[in-house]
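Below is one structure, written out as C-alpha cells; the observations come after it.
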Amino acid sequence: MPLWLDPRPLVLGSRSSARRDMLAAVGIPVELAPADIDERGIEARAGTLTPGEAAVLLAREKARVAGAKLVGQVVVGADQTLALGGRRFSKARDRAAARETLRALSGKTHELHSAVAVSLDGRVVFSAVDVARMTVRSLSDRFIDAYLDEAGEGVRASVGVYQLEKLGVQLFEKIEGDHFTILGMPLFALLGFLRREGRLAS
C-alpha cells in the first residue's frame with residue numbers, strides 16, 4: 001500500500017525545488033502550480049505584522065490562489081520570512097543586495113519563520129508556522145565574494161541568501177531549529193495534518 005492515499009498528487013503553489021524535493025522524498029507525489037501573488041502589496045494591506053504572521057499570511061494566500069480553480073486536490077502554499085531584530089529581509093534582487101544581506105547577518109543570530117498552509121477547493125483549511133534561530137559566523141568580504149561566486153544565482157531564491165542543503169551550511173556556526181523548517185516549510189506539521197485528513201497512511 002502506498003503512503004500517499006489520495007488518487008491525485010499534491011499541488012505545490014510554489015516554484016521551490018527544495019520544497020518539491022522535500023515532499024517527494026517523503027513519498028508524496030507533487031505537481032507544481034506556482035501562485036503569482038504580490039507579496040509586498042499583501043503585507044502592506046495587512047498592516048503591522050510580526051514575521052511569523054507575515055509568513056502565515058503569505059502561505060495562506062499562495063495556497064488559496066493556487067487552489068482557486070482546482071477541485072478536490074490538496075494544495076499547499078509556503079513562505080519564509082527572515083528577521084534580524086526589527087529588520088526584515090526580502091530575497092536579494094541582485095548580487096550587490098545578496099552581499100549586503102550576508103554582511104548584515106554576519107556575526108549575528110537571526111530568526112527564520114517558515115509557514116505552510118493547505119487549501120481545498122480554494123478554501124484554506126490548515127496553516128502552521130515554525131521558527132529557527134540561526135547564528136551566522138563572522139564572514140570576511142573575501143569569503144562572501146567567494147561564496148557568491150561558487151553558490152551561483154540560485155541562492156537569491158532564498159530569503160537569507162543561503163541554501164542549507166548546499167554551500168550555505170558554511171555560513172553558520174550554530175543553528176537552533178528544525179531542519180525542514182529551514183529548508184522551506186514545517187514539514188512535521190503538514191504531515192500530521194495530512195494523516196488526520198486521511199491523505200497519508202497513519
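Coordinate-derived values only; no laboratory data. In this text the structure is predicted, and so the values were computed from the model without any measurement. Glycine also receives a Cβ, built like all others from the backbone with ideal geometry; neighbour counts cover every protein chain displayed.
Taking region 125-202 on its own, what percent of its Cα-Cα pair distances exceed 14 Å?
On the way: 2034 of 3003 pairs.
Within region 125-202, distances greater than 14 Å cover 68 percent of Cα pairs.
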Full-extension gain in nm, residue 42 to residue 188, via 0.36 nm per residue minus C-alpha separation: 49.9 nm
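Rounded to two decimals, what ratio of Rg to Rh does region 79-164 give with C-alpha atoms and a Kirkwood Rh?
Details: Rg = 14.9 Å, Rh = 14.1 Å.
Reported Rg/Rh (Cα atoms, Kirkwood Rh): 1.06.
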Contact order relative to length of region 10-196, as percent, for alpha carbon pairs under 8 angstrom and 6 or more apart: 22 percent
Eligible lysines near residue 108 by straight Cα distance, threshold 22 Å, same-chain separation 8 or greater: 91, 166, 174
Square roots of 5 times each gyration tensor eigenvalue, C-alpha, region 10-196, largest first, Å: 29, 17, 15
Per-peptide average of other Cβ atoms within 10 Å, ordering 155-162, 81-88 highest first: 155-162, 81-88
Distant-in-sequence amide H partners of residue 74 (H built 1.01 Å from N, under 5 Å): 11
